[in-house]
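The values are calculated or read from the model by the stated rules, or taken from the named source; none is laboratory data. Predicted model only: the values in this text are computed from it and were never measured. Virtual Cβ from ideal backbone geometry, glycine too; neighbours counted across all protein chains shown. Accessible surface areas use protein heavy atoms only, side chains included; no ligands, DNA or RNA. Shrake-Rupley method; radii C 1.70, N 1.55, O 1.52, S 1.80 Å.
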Amino acid sequence: MILGFLSEKPMCGYELRKKMEQLQGYARAFSDGAIYPATKRLVDAALISQRDEMRDGRQRREFSLLDAGRERLVSSLRETKGFDVTDSNRWSVVLTFLSVVPDKADRDAVLRRRYDYLSQTSVHFFYCDSGRALETKEIEDPYRRGIIALHDAQVAAELEWLGGVLGVGVSRTGADG
């Protein structure tokens, strides 16, 4: 996220934290104690630069993306796979910055991995005592059925969007309805 936001413009740590909270604050809290060690590692790796300045009568540390940082960001996005494709929170970060990847074919390959994952995966939330996944029709609790309905609607909407971007027909196997 830090490299991605810095690809848009130089920012101080406070601005980075606010941007990160806006993107994922509902899922994870960010503190200055998390931001500054991360930025230090990126500075040490020569991916970003920092400079101290006075702004509004206060000392600020501003960070800027270096060419090596942009290359790392593009490479990381281009190679998105695994948990970054399957986890919705991490996927939202990938989508937020995917336009940084200059080649449409590379961007489409990333989207295709997510499309394939959603098309071929059946998610089960509830299991019986023996460990067998319960089908939706076996679940009586209306709130648990609601979890499933919301999940299925979100997956259907994302598949439709991905299919439109990729120019493919939407299909989903393994849904237990």
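Brief remarks on what is shown
- Considering the range 46-62, the residues that are of a type in the set (S, T, N, Q) and modelled with pLDDT of 90 or more include one that is nearest to E15 (Cα to Cα), namely Q50.
- A29 of a type outside the set (V, I, T), touching a helix residue (DSSP H, G or I) at 6+ places or on another chain (Cβ under 8 Å), within 19 Å of R90 (Cβ to Cβ) and open to solvent by 80 Å² or more (accessible area, probe 1.4 Å): yes
- Matching residues in the range 115-157 - criterion: being touching a Phe, Trp or Tyr at 6+ places or on another chain (Cβ under 8 Å) and assigned to a loop (DSSP other than H, G, I, E, B): L134, I139
- If you go through the range 106-121 and keep only what is among the polar types (S, T, N, Q) and either at pLDDT 95 or above or open to solvent by less than 40 Å² (accessible area, probe 1.4 Å) (or both), you end up with S119, T121.
- Flag for D103 being loosely packed, with under 13 Cβ neighbours inside 10 Å, at pLDDT 90 or above, of a type in the set (D, E) and closer than 27 Å to K19 by Cα: yes
- Hey, R70 under 12 Å from G4 (Cα atoms), out of contact with any strand residue (DSSP E or B) (no Cβ under 8 Å at 6 or more places or on another chain) and open to solvent by 50 Å² or more (accessible area, probe 1.4 Å) or not: yes
- Odd one out for S76, checked against (1) more than 30 Å from R112 (Cα to Cα); (2) surrounded by fewer than 18 Cβ atoms within 10 Å (Cβ to Cβ): (1)
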